[in-house]
Amino acid sequence: MTTVYYILKLLTFPGAVTRAFWEQVVCRISGIPVEDSRYLQMNEMCGHIEHMLAEKPRGAFALCYVPRFMNVLLALIVGSFSATRIFYLGVSLTLLSMIDIAGVWFAFSLLTNCSPMWEDALNMWSLVYSKKSNIFQKIFYFPGAVVSVAWAFLDKYSRHFLIGAAVLVYAWIAV
Amino acid sequence: MNDFDEKRLGMEEENEMPDETQTQDTLPEQTEDELFDEKENESTLPEDALEQELEQIRDMFQRSLDGEEIDSSDGEDGADGEPEREYTEEDFCECCGENIRDYSKGDDYPYCEDCTRLMKKTPIGFKGILVILIALVIAGLSTYITITKYSSEADLYALEAQSLADSGKLNSALNSYISYFSSYQGKMDYVGKKAAIRAAKLYAACGYFSDAHDLISNVFTEEELSKKMYAGVKGIEDEYALLNATYDAVYSVISESLNVADPTKVDPAPVLKQLDALKTADPREKDESINAEKYSEFFIEYYKYMVLASTGASLEKQYEQVKKVADMDGAELWAYGGTLCSLAAKLGKEEEAKQIFDKIIAFNSEDPSAYANYANVYRFCEKPDPDKMIEIINKGLNDSNAAESYRLLAVAYLMKGDYEKAFECSTSSYNSSYTLQGIYTHAVCAVMNKDEETYESIEQMLAYYGYSMSDSVKKLKDGKIKLDKLIYDAEGELA
């Protein structure tokens, strides 16, 4: 399973690298110690950095949510026109459309590397929904927390890649 | 010496007391070593314990040299009175291995304070920034291609077109598609196939099958059209071929019967019967490439209406025939919609006219003829309202195919008595498109404005094409009839 996970991460390495990059930025800002800052390790940490668990709910939530938000934003910037030309206009395969294909691959890589580590998601959930946190905090963080945990679960078994591929095929056929 | 003396000497030797008169000074001198040896001999500690104590003292001196604090206690208890912990290898930091772990963060926290501080400031690698820069370069290139590669806003026309089509502005959508395909003139390989399919379907939905066919021929090859993924496009081509074949078959019947000087004198019944016979004919007998077993029934029925209209059948009959077409399966709104609305308006059927008008506008809110046809409701009603007519026509007025709209505007202004304005509108209609109604309306406006020159040029133009001026218009010019008769005659030349 780890081998499959690693191969998929290599195939979508732009997303893996940027995901780990944003994680490191968030750790730096939140003061979370980073143990190993290699982005493409050949294990289940590929696409993530090794760091200590966050101690505060805000930091834990930022660690789960900010990298996803930034990757999605970057994917929209990179892939909007390329995806429009390929999926919506249906341009033929020419030299110029190679740039669009690269853009779509980049966007796909970014979107399939949006999920946090399972441990980070669980830590975030336990901090946000601990007895110490207040009700407003729980309500405020709920949508993002649920999505983060769900995506982390999918990422754990590389299912997010299958979902992304299915979405691509559907977009090609239905649009 | 007797025995007693000997004993006395022995006892004295035994009991010999130190001479008290001897002082330290008078004691015989001893060396330091002898003193030290004496003292050593006099010590009460065992040798092992002494060695341990000496070792502790040595360690203490060593630590003081190393700058560590010396515990002044006797070594058995800590400064706070608690027993001192003995550190094992597991107590040291996992990172540096030199310092003790920071237990204030928990018993299993693996790092010391210094390493923790360094980890919080791990340098951010350049790889992430490099990937983001590459992504932005790709985004920039893609944007450039989309917007500026072939012409100004090339691909954006296609996006705009579909957005307009989805909001019911089909005329504007078609114009945007024309701009999109014009941008790729000579480079149709770069045209998006899906965009071409959408455009072709839109052309077909609006009844512009010829334009759809031209587009498909330019973008798709025969081999591509045979693929399943382009089945929709193939369907348009097949329908185009069938409509063409139906038209040819219908025309051959009609031309025989109606190609006379005065079609109104022709009996439509036999012609209609011949057209009905076409419904069971097989178009493949004349053209094997046609992908249908029968001619288009809906198209045949619509041409039956045209026969009725050409032979001067009553408006009521014409209306019934077009209504029949509208109720058929596969009826195309582009074919019967405007006609049905116009006939309903002429017959004073306001509600039916409104229903059809709403249906057409829901499909294409930019169809000017729909507004013009509906405006006739306020012309042929009990209390004609030219202002309302003008308001409705202006609502739908745009640059595309507005000849009929301008013509009816001219009629509305004639109803109001504003002949100059009427003449302006009729001139616009006349310059846009030549229809008999448009020509006669322009002639009427020329008469009302007493413009002889324009009237004569119209007569000459009609004569050139083998037509003559309408009798009603001549009578109006001669003063034999009033303008109102022409305007409010639902079956007249200005209807």
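Yes or no: the range B:425-437 includes at least one residue that is in a loop (DSSP other than H, G, I, E, B) and within 15 Å of B:Glu493 (Cβ to Cβ).
Step one: list which residues in the range B:425-437 are in a loop (DSSP other than H, G, I, E, B), which gives B:433-435.
Filter once more, keeping what is within 15 Å of B:Glu493 (Cβ to Cβ): B:434-435.
Yes, the conditions are met somewhere in the range B:425-437.
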Identity of the residue in the range B:245-263, at pLDDT below 85 and polar (S, T, N, Q), that ends up surrounded by the fewest Cβ atoms within 10 Å (Cβ to Cβ): B:Asn259
Whichever residue in the range A:66-94 is surrounded by fewer than 20 Cβ atoms within 10 Å (Cβ to Cβ) and of a type in the set (Ser, Thr, Tyr) and, among such residues, is farthest from A:Lys138 (Cα to Cα): A:Thr94
Single unsatisfied condition, A:Val78 versus (1) within 8 Å of chain B (Cβ to nearest Cβ); (2) among the hydrophobic types (A, V, I, L, M, F, W, C); (3) within 18 Å of the chain's Cα centre (by Cα); (4) within 30 Å of A:Tyr129 (Cβ to Cβ): (4)
Flag for B:Tyr157 being within 14 Å of chain A (Cβ to nearest Cβ), within 30 Å of B:Asp214 (Cα to Cα), touching a Leu at 6+ places or on another chain (Cβ under 8 Å) and surrounded by 19 or more Cβ atoms within 10 Å (Cβ to Cβ): no
Yes/no for A:Glu50 being facing another protein chain (nearest Cβ under 9 Å), closer than 18 Å to B:Arg117 by Cβ and of a type in the set (Asp, Glu): no
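Can you tell me which residues in the range A:1-25 are within 23 Å of A:Ala75 (Cα to Cα) and away from chain B (no Cβ under 11 Å)? So that I can check it myself, show each step before the final result.
If we filter the range A:1-25 for residues that are within 23 Å of A:Ala75 (Cα to Cα), which is where we start, we get A:5-25.
Result: A:Tyr5, A:Tyr6, A:Ile7, A:Leu8, A:Lys9, A:Leu10, A:Leu11, A:Thr12.
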Residue within the range A:57-78 that is in contact with a Gly (Cβ under 7 Å, 6 or more places away or on another chain) and free of Cβ contacts under 8 Å to residues at least 40 places away in the same chain present: yes
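Conditions (1) closer than 22 Å to B:Asp329 by Cβ; (2) aliphatic (A, V, I, L, M), marked per residue:
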site: B:Lys201; (1), (2): yes, no
site: B:Ala205; (1), (2): yes, yes
site: B:Ala241; (1), (2): yes, yes
site: B:Ile254; (1), (2): no, yes
site: B:Leu272; (1), (2): yes, yes
site: B:Glu288; (1), (2): no, no
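Of the residues that sit in the range B:184-215 and are in contact with a Lys or Arg (Cβ under 9 Å, 6 or more places away or on another chain) and part of a helix (DSSP H, G or I), which one is farthest from the other protein chains (Cβ to nearest Cβ)?
Taking the candidates together, the pick is B:Ala212.
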From the options B:Leu141, B:Leu133, B:Leu118, residue that is closer than 30 Å to A:Tyr39 by Cα, within 7 Å of chain A (Cβ to nearest Cβ) and hydrophobic (A, V, I, L, M, F, W, C): B:Leu141
Selection status of B:Tyr150, modelled with pLDDT under 80 and assigned to a helix (DSSP H, G or I): no
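Report whether or not A:Phe87 is in contact with a Gly (Cβ under 6 Å, 6 or more places away or on another chain) and within 14 Å of another protein chain (Cβ to nearest Cβ). Steps first, please.
Details: in contact with a Gly (Cβ under 6 Å, 6 or more places away or on another chain): no; within 14 Å of another protein chain (Cβ to nearest Cβ): yes.
The answer is no for A:Phe87.
So that you can scan it fast, the table gives a plain yes or no per residue for (1) crowded, with 20+ Cβ neighbours inside 10 Å; (2) more than 12 Å from the chain's Cα centre (by Cα):
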position: A:Cys114; (1), (2): yes, no
position: A:Ala121; (1), (2): yes, yes
position: A:Ser126; (1), (2): no, yes
position: A:Ile139; (1), (2): no, yes
position: A:Tyr157; (1), (2): no, yes
position: A:Ile163; (1), (2): no, yes
Residue within the range A:52-75 that is within 18 Å of the chain's Cα centre (by Cα), part of a helix (DSSP H, G or I) and of a type in the set (Ser, Thr, Tyr) present: yes
Single unsatisfied condition, A:Gly103 versus (1) part of a loop (DSSP other than H, G, I, E, B); (2) of a type outside the set (Val, Ile, Thr); (3) in contact (Cβ under 8 Å) with a residue 12 or more places away in the chain; (4) facing another protein chain (nearest Cβ under 9 Å): (1)
Pair list, Cβ < 7 Å and 6+ apart or interchain, from the range A:35-46 residues that are of a type in the set (Gly, Ala, Ser) to residues that are in a loop (DSSP other than H, G, I, E, B) and crowded, with 16+ Cβ neighbours inside 10 Å: A:Ser37/A:Ile49; A:Ser37/B:Thr122; A:Ser37/B:Gly125
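The values are calculated or read from the model by the stated rules, or taken from the named source; none is laboratory data. The shown structure was predicted, so the numbers you read here are calculated from the model rather than taken from an experiment. Positions of Cβ are backbone-derived with ideal geometry, glycine not excepted, and every protein chain shown enters the neighbour counts.
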